[in-house]
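Colleague: Got a structure here, written out as structure tokens. Questions coming.
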Amino acid sequence: LTAPLRRPLFRRLAASYAINELGDWMGLIALSVLVYDETGSALATAALFIGTGFLPALFAPILVAKVELPPPRFALPVLYCAEAAAFGALALLATNFSLAGVIVIAAIDGALMLAGRSLTRAVAASLLEPAGELRAGNAILNVAFTGGAAVGPALAGVVVATFGVQTALLLDAISFYAIAWILLTAGTM
């Protein structure tokens with residue numbers, strides 16, 4: 001199972017995948033707390049979840065088709081920079097709250113997130129399939145994803161409780177810029 005990890009590019013993809021999942025949970029927890037604190041409404045929080053899950057699933061395939069055209073070395077970092085910008089905007093909305101604004105930006109980020117995950121998996125497949133390492137690579141990506149999903153909510157809870165929603169959203173933005181840098185400096189994909 002460790003053969004794909006001998007490939008520097010795959011190591012960067014796996015690291016970006018784990019950081020992405022941590023960031024996604026940081027954002028989701030912070031936004032959930034923000035929306036509920038500002039509105040006191042479980043329905044508003046449910047609208048946030050629809051905006052971050054259901055709506056992006058409708059638009060992500062179109063976005064993936066568009067971002068597959070440029071080389072992944074540039075497309076993936078651009079996607080992650082766009083996610084960072086979205087979370088920067090959401091951090092601004094933490095002090096100037098607008099439920100509609102939060103839901104719209106979160107929905108855009110959700111589509112970017114799904115596109116980033118899809119493109120990362122596609123790059124990993126094109127890298128590992130010829131060497132017969134795809135199954136092992138998928139296992140590693142699944143562990144990275146699951147690890148991020150296990151640690152992310154707890155870390156997000158600690159950050160939100162200790163430093164506040166806006167700081168959590170800004171840290172999330174920074175995590176996406178870090179992913180973009182990791183991938184941009186990875187070499188040819």
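The values are calculated or read from the model by the stated rules, or taken from the named source; none is laboratory data. If you're wondering where the values come from, they're calculated on a predicted model, not measured in any experiment. Positions of Cβ are generated from backbone atoms using ideal geometry, with glycine treated the same way; all protein chains shown enter the neighbour counts. Keep in mind that these areas ignore ligands, DNA and RNA; they rest on the heavy atoms of the full protein, side chains included. Shrake-Rupley method; radii C 1.70, N 1.55, O 1.52, S 1.80 Å.
Colleague: Among the residues of the range 6-40, what is the count of those that are of a type outside the set (A, V, I, L, M), open to solvent by 30 Å² or more (accessible area, probe 1.4 Å) and touching a residue at least 12 places away in the same chain (Cβ under 8 Å)?
Modeller: Matching residues across the range 6-40 total 7.
Colleague: So, in the range 135-146, exactly how many residues are exposed (fewer than 15 other Cβ atoms within 10 Å of the Cβ) and either of a type in the set (A, V, I, L, M) or not in a helix (DSSP H, G or I) (or both)?
Modeller: Summing the residues that are exposed (fewer than 15 other Cβ atoms within 10 Å of the Cβ) and either of a type in the set (A, V, I, L, M) or not in a helix (DSSP H, G or I) (or both) in the range 135-146 gives 2.
Colleague: Moving on to the next point. Do you know which of the residues in the range 151-181 that are under 14 Å from the mean Cα position of the chain (by Cα) and β-branched (V, I, T) is surrounded by the fewest Cβ atoms within 10 Å (Cβ to Cβ)?
Modeller: I174
Colleague: Still on this structure, I have one more. When you go through (1) over 16 Å from the mean Cα position of the chain (by Cα); (2) closer than 17 Å to R121 by Cα; (3) in a helix (DSSP H, G or I) one by one for L69, which number turns out not to apply?
Modeller: (3)
Colleague: Consider L31 against the criteria (1) at pLDDT 95 or above; (2) touching a Phe, Trp or Tyr at 6+ places or on another chain (Cβ under 9 Å): it satisfies all of them except one. Which criterion is unmet?
Modeller: (2)
Colleague: Please verify whether I108 is hydrophobic (A, V, I, L, M, F, W, C), under 18 Å from L58 (Cβ atoms), part of a helix (DSSP H, G or I) and open to solvent by 60 Å² or more (accessible area, probe 1.4 Å), treating the condition exactly as stated.
Modeller: Answer is yes for this residue.
Colleague: Consider G132 against the criteria (1) without any contact (Cβ under 8 Å) to a residue 60 or more places away in the chain; (2) closer than 23 Å to A82 by Cβ; (3) open to solvent by 20 Å² or more (accessible area, probe 1.4 Å): it satisfies all of them except one. Which criterion is unmet?
Modeller: The number of the failed condition is (2).
Colleague: From the set of residues in the range 111-129 that are crowded, with 19+ Cβ neighbours inside 10 Å and not hydrophobic (A, V, I, L, M, F, W, C), which is farthest from the chain's Cα centre (by Cα)?
Modeller: Result: T120.
Colleague: Additional query: Looking for whichever is assigned to a helix (DSSP H, G or I) and at pLDDT 95 or above here; the options are A149, A122, A154. Which one fits?
Modeller: A154
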